[in-house]
Amino acid sequence: MHDIIIVGGGIVGISTAWQLRRRHPGKKILLLEKEPRLALHQTARNSGVIHAGVYYQPGSLKARFCKQGLEDTIDFCRQHGIPYNQCGKLLVATSAVEVQRMEQLRERCRQNGLDVVQLSREELREREPNIRGEGALLVEQTGIVDYLKITEAMAEQFVSLGGQIAFGAELTGIGETTKEIVAQTEQREFKGRFLIACAGLMADRIAGLQGLADDFRIIPFRGEYYRLPPALNTIVNHLIYPIPDPAMPFLGVHLTRMIDGSVTVGPNAVLGWKREGYGRLNFNVWDSWQILNYPGFWKLCGEHWKSGMVEMKNAWFKNGYLGEVKKYCPQITLGDLLPCPAGVRAQAVLRDGTLVHDFLFKQTPRSLHICNAPSPAATSAIPIGEYICGIAEQRLVG
């Protein structure tokens with residue numbers, strides 16, 4: 001009998017397991033991961049940015065976790081010798097409309113307790129000779145890191161403290177009584193006092209095993225990137241982001257310095273017909289049926305079909321994708337957009353078509369399901385794990 005069973009070996013699940021083990025060295029804690037290795041999906045397939053929390057609704061868990069997460073992530077990197085770089089981020093306005101939005105974004109930063117510097121056109125050019133814009137906001141705290149290395153370091157700590165990880169353990173059923181919870185896999189079943197599910201792209205399916213997914217569904221969105229050639233690794237000094245359109249659900253294409261010295265362009269946001277589909281052509285019958293059979297998907301399409309069509313066009317025709325980045329970096333050419341691995345974002349959508357932008361939790365007496373851990377969940381993984389620990393501890397009293 002385990003005290004706590006954790007489902008999911010991405011950075012949120014590992015952070016939770018590691019922190020629980022530190023806080024409760026006497027408890028038996030088991031982590032189940034369906035893959036042969038940790039962090040094969042969202043954790044290892046993101047931009048590697050340590051976000052500062054610019055965009056998020058003041059007072060939301062997302063805003064709170066992100067601000068604390070930046071500090072915690074950097075502290076963890078320092079303690080464990082993991083390379084990181086606080087290179088800073090520039091949000092570049094390329095039109096009069098975006099200048100107005102930039103002013104609103106500056107106010108949002110103030111509400112979230114962030115120090116930002118507003119740059120004129122000339123100051124922007126001085127800092128970034130290859131970037132064009134009417135002005136920019138500089139967020140100096142933003143950084144870059146390899147989240148896979150952070151996850152592996154947390155997992156090493158978890159195991160060294162006595163925690164257990166079972167690989168190839170895909171959950172097929174959950175049974176719950178007043179005394180225990182049973183996690184069933186194809187190979188065997190595991191009994192525990194409490195279960196925590198951090199299942200990412202499969203969050204609704206795992207919650208559905210306990211009848212907790214009637215009002216939401218995970219809709220996968222592919223984020224496609226390009227990598228610039230090595231000759232352009234010094235094209236920017238900071239991370240370069242556009243000023244987001246508040247009518248659009250995602251941030252838009254940006255230039256990202258990676259911790260390995262390379263620079264990527266992206267991501268876009270294209271509907272994914274396979275939840276774990278990272279190749280150019282991806283389709284899964286069951287994944288697609290769950291999308292098309294969900295009323296929230298059609299309501300989402302009704303609201304955002306125009307932007308969805310643009311994203312789809314740009315995914316298939318590089319000229320459109322290039323146009324998004326040439327708005328602020330005109331010297332990049334079509335030949336500079338080299339292949340780069342894609343990622344898939346797990347986006348929870350309610351039945352009325354609403355995108356869930358904050359965290360979504362579902363509970364039973366002996367389980368807690370993290371049904372939506374929105375970007376920047378990697379940045380926020382340590383405070384998210386701490387928050388989950390607090391809930392689990394309350395439920396395990398006695």
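Read-outs throughout are calculated quantities, based only on the coordinates presented, and are distinct from any laboratory measurement. Keep in mind the model is a prediction, meaning the values are calculated, not measured. Methodologically, a virtual Cβ is constructed for each residue, glycine included, from the backbone with ideal geometry; neighbour enumeration extends over all protein chains shown.
Numerical summary
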quantity	calculated
Set of aspartates and glutamates with alpha-carbon distance to Lys27 below 16 Å, sequence-local pairs under 8 removed	Asp3, Glu180, Glu393
Calculated [θ] (222 nm, deg cm²/dmol) that DSSP helices of n ≥ 4 give over the chain, each run adding -39,500 (n - 2.57)	-10500 deg cm²/dmol
Residues whose placed amide H lies under 5 Å from that of Arg227, excluding near-sequence neighbours	Val265, Leu338, Cys340
Cut-off of 10 Å, at most 12 other beta carbons, DSSP loop: longest stretch of the chain lacking such chymotrypsin sites (Phe, Trp or Tyr not before Pro)	1-282
Relative contact order (percent, whole number), the chain, Cα cutoff 8 Å, 6+ residue spacing	24 percent
For the stretch 285-294, 3J(HN,Hα) per residue [Karplus equation, 6.51 cos²θ - 1.76 cosθ + 1.60, θ = phi - 60°, Hz, x = Gly/Pro]	4, 5, 4, 5, 4, 5, 6, 5, 8, 10
Candidates per trypsin sites (Lys or Arg not before Pro) in the stretch 306-398, loop by DSSP, up to 15 other Cβ within 10 Å	Arg351
P(r) histogram, all alpha-carbon pairs of the chain included - 10 Å bins from 0, percent	5, 22, 32, 25, 12, 3, 0
DSSP-defined beta bridges in the chain - what % are antiparallel, rounded to 5	70 percent
Phi-based couplings in Hz for the stretch 359-372 (Karplus 6.51, -1.76, 1.60; Gly and Pro marked x)	6, 10, 10, 10, 9, 10, x, 10, 8, 9, 10, 8, 8, 8
Entries of Lys67/Lys327; Lys34/Lys306; Lys179/Lys362; Lys89/Lys362 with Cα pairs more than 25 Å apart	Lys67/Lys327; Lys34/Lys306; Lys89/Lys362
Per-residue HN-Hα couplings for the stretch 314-330 [Karplus 6.51, -1.76, 1.60; θ = phi - 60°; Hz; x = Gly/Pro]	5, 5, 9, 10, 4, 4, x, 4, 4, x, 5, 8, 5, 4, 10, 9, x
